[in-house]
Amino acid sequence: MGTPQFPDLGKHCSVEDCKQIDFLPFTCDRCRQVFCLEHRSYIKHSCPKADSNGVIVVICPLCAKGVRLNPDEDPNISWEVHVNTDCDPSNYDKVTKKRKCPVRGCRELLTFSNTIKCRDCTLDHCLKHRFGPDHNCPGPKKPDVSFPFMGLLNRSKKEESKPNRATAVSSSKWTSNFLSAASTVRASAEASMVKLSSEISQAWQTATNSASPSSSNGSGGIGPEECPQCGTRFSSVTNLIDHVQKVHEKGGNQSRVLQLPMEVCPKCSKGFRDPVALVEHVERDHRGTSKA
């Protein structure tokens, strides 16, 4: 077999009726025998081990799922294991039922290539009804503008109505505790506001009472003339003199008053302790005329 240069070149086909020499033989991956081009397939040479590593899958008629049958196991046993553990009849409609366009009167089947999801209503439609006016789109959902805590309370109320008693008791207890804490905080805040308002009113009343003597004496509280005894400021010398005579000369306080010479402007009655300052005031403010 072969040539003198290549004695091992080529092999005979393992089929008894063939025995053809083939210089490019094929080795079966199951029975590991050599075959020619014509008998290389499992069926042609009737390979006894063709199904040893094969995979057989059967579609379950109840749930439409694939059931793999093991070669080393009885198919009935594999089927019973699937029915007892993995079979779900509710999955049959999901697999076999074909979706259609939800638009009334449209019978178009929704497949991978002709399905469009609307951005507003998030529903799948066919290409013909992909736009909002074509499928009467209600538009996007309005955002919830209410207080977030109200949604939490509504959710807790829904949880209370569920048959699970333990969950309902825990959620109601949490809600009652939270509401009691909120009411306590609100009551303390109201009490603090009442106390603050009363303190403000008392302070205002005290300030008003303290300012009443000076206002009765004709002082505005702001002015260029200052009392040397109490430091109260007045807008004119006349008011300052009245204040000293009414307040500080009563009750033996006359000795405390400082007898300082005052120069009074004949135009505006403003007092000056320095005559030079009076002259400068008349020239600057009254344009040099001192006549009344």
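Residue 72 falls short on exactly one of the conditions (1) under 30 Å from residue 49 (Cα atoms); (2) assigned to a loop (DSSP other than H, G, I, E, B); (3) open to solvent by less than 70 Å² (accessible area, probe 1.4 Å), and that condition is (3). Residues that are at pLDDT 55 or above and among the polar types (S, T, N, Q) were ranked within region 241-279; the one that is least open to solvent (accessible area, probe 1.4 Å) is 269.
Take residue 282 and tell me if it is more than 60 Å from the chain's Cα centre (by Cα), modelled with pLDDT under 75 and not in a loop (DSSP other than H, G, I, E, B). When the stated conditions are applied, residue 282 does not pass them.
Yes/no matrix, rows are residues, columns are (1) under 43 Å from the mean Cα position of the chain (by Cα); (2) of a type in the set (Ser, Thr, Tyr):
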{"residue": "15", "(1), (2)": "no, no"}
{"residue": "64", "(1), (2)": "yes, no"}
{"residue": "79", "(1), (2)": "no, no"}
{"residue": "90", "(1), (2)": "yes, yes"}
{"residue": "105", "(1), (2)": "yes, no"}
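Take the conditions (1) farther than 30 Å from residue 98 by Cα; (2) of a type outside the set (Phe, Trp, Tyr); (3) not in a loop (DSSP other than H, G, I, E, B); residue 67 misses just one of them, which is (1). Name the single residue that is modelled with the highest pLDDT among those in region 24-33 being closer than 19 Å to residue 6 by Cβ and surrounded by fewer than 16 Cβ atoms within 10 Å (Cβ to Cβ). Looking at the filtered set, the residue picked out is 27.
The values are calculated or read from the model by the stated rules, or taken from the named source; none is laboratory data. Note that the structure is predicted; figures quoted are calculated from it, not measured. Cβ: placed from backbone, ideal geometry, glycine included. Neighbour counts: every protein chain shown. Ligands, DNA and RNA are excluded from the accessible area calculation, which covers all protein heavy atoms including side chains. Shrake-Rupley method; radii C 1.70, N 1.55, O 1.52, S 1.80 Å.
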